1. Name the residues in the range 218-277 that are more than 7 Å from the ligand (Cβ to nearest atom), buried (at least 19 other Cβ atoms within 10 Å of the Cβ) and at positive phi, would you?
2. Six or more apart or on different chains, Cβ atoms under 6 Å: show the pairs whose first residue is in the range 37-57 and over 23 Å from Leu198 (Cβ atoms) and in contact (Cβ under 8 Å) with a residue 60 or more places away in the chain and whose second is charged (D, E, K, R) and within 7 Å of the ligand (Cβ to nearest atom).
3. Taking the criterion of being touching a Leu at 6+ places or on another chain (Cβ under 7 Å), modelled with pLDDT under 95 and away from the ligand (no atom under 16 Å from the Cβ), would at least one residue in the range 293-300 satisfy it?
4. If a residue must be charged (D, E, K, R) and out of contact with any Pro (no Cβ under 7 Å at 6 or more places or on another chain), how many such residues does the range 90-110 contain?
5. Read through the list (1) at pLDDT below 95; (2) closer than 24 Å to Leu55 by Cα; (3) surrounded by fewer than 17 Cβ atoms within 10 Å (Cβ to Cβ); (4) not aliphatic (A, V, I, L, M), then give the number of the only condition that Pro343 fails.
6. State all residues of the range 124-145 that are crowded, with 17+ Cβ neighbours inside 10 Å, away from the ligand (no atom under 14 Å from the Cβ) and among the aliphatic types (A, V, I, L, M); if no residue qualifies, say none.
7. When both residues are 6+ apart or on different chains and their Cβ atoms are under 6 Å apart, which pairs have a first residue that lies in the range 128-142 and is among the polar types (S, T, N, Q), and a second that is buried (at least 17 other Cβ atoms within 10 Å of the Cβ)?
8. Condition first: in contact (Cβ under 8 Å) with a residue 60 or more places away in the chain and of a type in the set (D, E, K, R). Now tell me which residues in the range 68-77 satisfy that.
Amino acid sequence: MIQSGVTSDLIVCGAGPAGRALAHRALAQGQSVTVIDPRPGHRWTATYAAWADELPEWVPSRTFAAVVERPAVWTTRRIEVEREYVVFDTAALQDSLDLTGATIITDRVAEIVPPSRSGPHALDMPSVRLPSGAVLPGGRVVDARGIPRSPALAEQTAYGVVIDSEQWAEPDTLFMDWRADNGADPGEPRSFFYAIPLSANTILLEETCLAGRPALESHTLEDRLMHRLRSRGITLTGTERVERVRFPVEGGRPRAGFFGAAGALTHPATGYSVAAALRTADGVALGDSIWTPAARTVNRLRQTGLRALLTLPPQDLPLFFDAFFALPVARQRAYLSGRDDLPGTAAAMSALFAALPWRLRRKLAAAIVR
Ligand SMILES: Cc1cc2nc3c(=O)[nH]c(=O)nc-3n(C[C@H](O)[C@H](O)[C@H](O)COP(=O)(O)OP(=O)(O)OC[C@H]3O[C@@H](n4cnc5c(N)ncnc54)[C@H](O)[C@@H]3O)c2cc1C
């Protein structure tokens, strides 16, 4: 065993949004931090967004590219969601999670080894093994390496283009638009349209498959987006910046030692995890357990929600979201953001169930029992 001289209070494996947020907050608390990532300086390109009320106050407003007061949802009708939605300036968010003072190691973590008091490599603190064989012990080690893709895991996929906002005539920021003008046959898996400002003069238009096992392929979403944009009178030049999205919405481990997507912070019914990581980074940096019994039960309820989504016939998804977005915002918030709010999550799910037509209730009940 080659033991490195570096010992930190905290070793963070992975410098995506979660790992970087955790390392940043641990540094702010005065801890010594090591961050290991094969590409630690890699610039993030994904467009991240979150509900404003989910964000901790230490996230500076200069990281916001746009703040939308009331995003709209289209189901069988137009609904305004009375909840502020923030689109991040991705580069500014990454830069704000400053890692000055951390030891940065550009490498892959081969293995995270728990403390052990016996055996030839006994170390009574956790450690990280690098491919070279070097071993780095640390006071605590947190795995924020994301989730590798697998056909067993439901994924979210999307295809988007960035256009000049002058080309966008609709007055709304569209959080979720299920209108059927994307050329898909009614029996095919559904995708929705997402239209959000990225700056004062650019807008992202994206066709999204919320969750699928397997999810819709990028080329299908591209065809649907092109069809939808033609239906809405928007002509592309072919030179627009493209965003392709594909990531698992399940597969994380809800336990200490894991964080971000790896730590089950991804909401399986929305794919969102960035705000949850920012919000819990301080506590995890301090060594608190964020997986209380209530949070574990909420996590299981959310998995049930994903099962329900995957079970619903495609033509019923707009009805399902119509019932969801007709709930009071406090209920919506509890389900979407109440990571450890068990009474709120259970109340939101019951209210949603009660608001659905009988036909859908029967289908969902069968899926949940299964
Ligand atoms: C295009 C796109 C748009 C999205 N939009 C949103 C959104 O609007 N809002 C939202 O909340 N979520 C969004 N998501 C989903 C989700 O929040 C992201 O996937 C988020 O990046 C998860 O963060 P993470 O840090 O947990 O994991 P990752 O971003 O996957 O980061 C993992 C890090 O670990 C590193 N790593 C991997 N293997 C190793 C190893 N062996 N050793 C060391 N390091 C390793 C990787 O290099 C990477 O830097 C989006 C995802 C995509 C792809």
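The values are calculated or read from the model by the stated rules, or taken from the named source; none is laboratory data. As the structure is a computational prediction, the values presented were derived from the model and not from experiment. Neighbour counts run over all protein chains shown; Cβ positions are idealised from the backbone, glycine included.
1. Passing the criteria: Gly251, Ala264.
2. Every condition considered, the pairs that remain are Pro38/Arg108.
3. no
4. Within the range 90-110, residues that are charged (D, E, K, R) and out of contact with any Pro (no Cβ under 7 Å at 6 or more places or on another chain) number 2.
5. So the condition that Pro343 fails would be (1).
6. Answer for the range 124-145, where residues must be crowded, with 17+ Cβ neighbours inside 10 Å, away from the ligand (no atom under 14 Å from the Cβ) and among the aliphatic types (A, V, I, L, M): just Val135.
7. Listed pairs, sorted by first residue: none to list.
8. Within the range 68-77, just Arg77 meets the criteria.
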